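The values are calculated or read from the model by the stated rules, or taken from the named source; none is laboratory data. These numbers come from a predicted model, not from an experiment. Every residue, glycine among them, receives a Cβ derived from its backbone with ideal geometry; neighbour counts consider all protein chains shown.
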Amino acid sequence: MPNGGKKPDGKNNRGAVARRKSQRVDAKGDRIVLWGADGQEFDAVVCDLSFGGCYLNTAHEASVGQTITIGIPTYTKPETIQKFTATVIPQKRKLVGFGVSFPKLDAKQEKLLLRLMETFKPAADRRD
């Protein structure tokens, strides 16, 4: 079914309200990015990735609601870093790191995310 298995009413095929707004891919933890806030910069590994946001596996903390900047390498010649503004979102996972949402993407950012997502497999929906 188009739209990630959701019906037009926002429910999935089982009648439950769908949790996700966009299809995620499992980034397998092999994409290292930089993220920063308040003048500091840290590294992280991208786990799940979608047009709606991603999960950053990082030893450093950020507060729910905090706006951060993420730098994702474009893997092009010459190598450049594409900057994304993201908002830290609440998580139920018991992993190191945090999830973020991308409140607004421009065409260049969407193109980079699409190129990255095409290299990964769809992620299993986690309920933990």
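Could you tell me whether region 104-117 includes any residue that is modelled with pLDDT of 90 or more, buried (at least 19 other Cβ atoms within 10 Å of the Cβ) and not hydrophobic (A, V, I, L, M, F, W, C)? Within region 104-117, none of the residues are modelled with pLDDT of 90 or more, buried (at least 19 other Cβ atoms within 10 Å of the Cβ) and not hydrophobic (A, V, I, L, M, F, W, C). Go through region 71-93 and count every residue that is of a type in the set (Phe, Trp, Tyr) and at pLDDT 90 or above. So the count comes out to 1. Among the residues making up region 26-44, a single one is within 11 Å of Gly97 (Cβ to Cβ), surrounded by fewer than 20 Cβ atoms within 10 Å (Cβ to Cβ) and at pLDDT 90 or above: Phe42. Scanning region 76-97 for residues that are touching a residue at least 12 places away in the same chain (Cβ under 8 Å) and within 14 Å of Leu34 (Cα to Cα) yields Ile81, Gln82, Lys83, Phe84, Thr85, Ala86, Gly97.
Considered as a group, the residues in region 74-103 that are out of contact with any Phe, Trp or Tyr (no Cβ under 9 Å at 6 or more places or on another chain) and hydrophobic (A, V, I, L, M, F, W, C) include one that is surrounded by the most Cβ atoms within 10 Å (Cβ to Cβ), and that residue is Val96.
When restricted to residues that are part of a loop (DSSP other than H, G, I, E, B), over 17 Å from Glu118 (Cα atoms) and in contact (Cβ under 8 Å) with a residue 24 or more places away in the chain, region 38-59 contains 2.
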